[in-house]
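The values are calculated or read from the model by the stated rules, or taken from the named source; none is laboratory data. It should be emphasised that the depicted structure is a prediction, and the values quoted were computed from it without experimental measurement. Cβ sites come from the backbone with ideal geometry, for glycine too, and all protein chains shown count toward neighbours. Quick note on the areas: whole protein, heavy atoms, side chains included, nothing else; ligands and nucleic acids left out. Shrake-Rupley method; radii C 1.70, N 1.55, O 1.52, S 1.80 Å.
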Amino acid sequence: EGSRVYVERINIRSNTRTRDYVIRREFDILEGDPYNRVLVNRAERRLKNLGYFKNVRISTEPGSAPDRVVLNVDVEEQLTGEFSIAAGYSTQDGIIGELTIGERNFLGRGQYVRTALQYGERVKGIEFSFTEPYFMDYRLAAGFDIFYKKTEPSTLVQYGIDTIGGTLRAAARLNEEITLQVRYSIYQREITADP
């Protein structure tokens, strides 16, 4: 128990790719606020959970006055891209291949972007996803998915299906452990009989 100390400055260091505001928005404590170790530890935990950094360390140093403290946030960037190739076989669709490319920290803005391409003997499809984790600067994740899939007739299924559609998503954190998510999907499906 001692005299109250205030945060004079928050220094973000070693973030070569991720923008400063992406890191700062994980703090519930701002410059000028009373120093609170619990909130600093929470921010450090949130930054580690983002998956953008190998290491995150928040340290303190004396400020310009006895009742001032400076927070130094040292981060070590890591690769956030995703790339995968998959192949499989099903009796209905035959041989199928899928190529997926994603980025969890798009342009250093913390946005998630993903594209998946599916190609097979009797099935073709593409899907694009985008998520903004802080929609309009609120702790509200919002995003959308757009997809198209075409399935051709086979010996097992005597008709083809063309499907195009999309999904709108929103998720709000109720607390550190619970998130509420809502989604709305709409699609159009056309069925063509095998002549």
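Backbone amide hydrogens, once placed in the peptide plane, bring GLN111 within less than 5 Å of PHE106, excluding anything fewer than 5 places away on its chain.
If you filter region 98-195 for chymotrypsin sites (Phe, Trp or Tyr not before Pro), then keep DSSP loop positions with at most 14 other Cβ within 10 Å, what is left?
Values: sites: PHE106, TYR112, TYR119, PHE128, PHE130, TYR134, PHE135, TYR138, PHE144, PHE147, TYR148, TYR159, TYR184, TYR187; in loops: TYR134, TYR138.
Here the sparse-neighbourhood loop sites are TYR138.
Other residues lying with their Cβ under 10 Å from the Cβ of GLY63 contribute a combined charge of -1, Lys and Arg counting +1, Asp and Glu -1.
With a simple spin-label model that places each label point 7 Å from the Cα along the Cα-to-Cβ direction, the separation between GLU76 and GLU176 comes to 2.4 nm. Once both labels are positioned 7 Å from their Cα atoms along Cα-to-Cβ, the gap between ARG46 and ILE191 label points is 4.9 nm.
Surface composition of the chain: carbon and sulfur make up 55 percent of the accessible area, probe 1.4 Å. Accessible surface computed residue by residue for region 74-153, with neighbouring protein chains in place and a 1.4 Å probe, gives 59 Å² per residue.
What full-extension length gain, to one decimal in nm, is calculated for LEU168 and ASP137 as 0.36 nm per residue of separation minus the Cα-Cα distance? Intermediate results must be reported in sequence, preceding the final value.
Numbers: separation 31, 0.36 × 31 = 11.16 nm, distance 1.84 nm.
Gain on extension, LEU168 to ASP137, equals 9.3 nm.
Think of the chain as a dipole: +1 on every Lys or Arg Cβ, -1 on every Asp or Glu Cβ, centred on the Cα centre; then among ALA65, THR16, ASN55, ALA65 lies furthest on the positive end.
For region 53-60, backbone phi angles converted through the Karplus equation (6.51, -1.76, 1.60; θ = phi - 60°) give residue-by-residue couplings of 10, 6, 9, 9, 9, 10, 10, 10 Hz, Gly and Pro being listed as x.
Grab the DSSP H runs of the chain that are 4 residues or longer, score each as -39,500 (n - 2.57), total them, divide by all residues and round the 222 nm result to the nearest 500 deg cm²/dmol. The partial results should precede the final answer.
Values: 2 runs with 18 residues, N = 195.
Only helices count here, giving -2500 deg cm²/dmol.
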